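These notes concern the structure reproduced below.
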Amino acid sequence: MLGKLLKHEWKAVWKVPTLLIGILLLMAAVAGVTFMLPIWDSEWVGLPMSGAMLVMVYYFAIFACGFGIMVYLAVRFYKNMFTDEGYLTHTLPVTPRALLLNKVITMSAWNLIGIAAIFVSIFIFVGIMVLVLLPKNSSFARDILEAVQRMVVGWPELLKEPGMEGFGGFCISILCLIFVGAFGSTMLTIGSITLGQMVRKHRILGAIGAYFAIGMAIQFVSTAILIPIMLTYVNNFSWNTQVSPFPVFTLIYSVLMLVMLAVGVGLYFLSEYLVKKQLELD
């Protein structure tokens, strides 16, 4: 039954996130192609400001895409589970666990897709910009292209250089953090909305308050754990400049991953309990 729920949910939600991602990719391409305009070859004094504004517009598009997907999925979850639509949702012949897992899996998947889309848009923007500037003998574009070529061709030798120890583990920790972060972000949203519905007369305000309260608690715990690690690293690095930074960053990302995973799992079981035992619809 969970498979049927996922299929229905995916068909119901894919249009808005896909539209936002499409706009982001289009903005990345337009921003990159803009560097083809003749104005960039002129001596106009406003060129630096124009370039900065162009990058800011692209950055806003990245923020709008991620934030828009999160808000859309959060609103849909709230309406499906805790408003008038909830009367139909909770009469389906499925368990509350299946209903909740359906939302968690779908929202986490779209969070991952959104993150991947952001990386693709950056690649499109930078790639087009380099291809446009390269024929103009831009030293900046050539430096980027040469750096990419060195990384692609000579990465085995690059890993053997001093200060590169632990780079492989560092990359793995980033990937794991992205996957766990997508789940943790989903559970922060779902957990906040589920807790907010306990505030009967001000559910939306309760959800917003819970979101920021949980987020601050995560920040506090993460900071309390990471400060000793950072102090130890700074002390060692000040005496030995050959110390690789990647192992400590791997440790930091691993700690963040474990904190987010623990909070996400805890919020899942709390949300499941509240949906089963404390559900009260508008």
* Structure fact -> The number of residues in the range 209-254 that are farther than 16 Å from Phe167 by Cα and at pLDDT below 80 is 13
* Asked: Looking at the range 2-32, which of the residues that are in contact (Cβ under 8 Å) with a residue 40 or more places away in the chain and open to solvent by 50 Å² or more (accessible area, probe 1.4 Å) is farthest from the chain's Cα centre (by Cα)?
  -> Leu2
* Which one is nearest to the chain's Cα centre (by Cα), of the residues in the range 197-222 that are surrounded by fewer than 17 Cβ atoms within 10 Å (Cβ to Cβ) and of a type in the set (Gly, Ala, Ser)? -> Gly215
* Count of the range 69-108 residues which are open to solvent by 20 Å² or more (accessible area, probe 1.4 Å), free of Cβ contacts under 8 Å to residues at least 60 places away in the same chain and closer than 23 Å to Leu25 by Cβ -> 2
* Is it fair to say Tyr58 is open to solvent by less than 30 Å² (accessible area, probe 1.4 Å), farther than 22 Å from Val180 by Cα and among the aromatic types (Phe, Trp, Tyr)? -> yes
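The values are calculated or read from the model by the stated rules, or taken from the named source; none is laboratory data. For clarity, every value in this text was computed on a predicted model and none was experimentally measured. Methodologically, a virtual Cβ is constructed for each residue, glycine included, from the backbone with ideal geometry; neighbour enumeration extends over all protein chains shown. Surface accessibility is based on the protein's heavy atoms, side chains included, excluding ligands, DNA and RNA. Shrake-Rupley method; radii C 1.70, N 1.55, O 1.52, S 1.80 Å.
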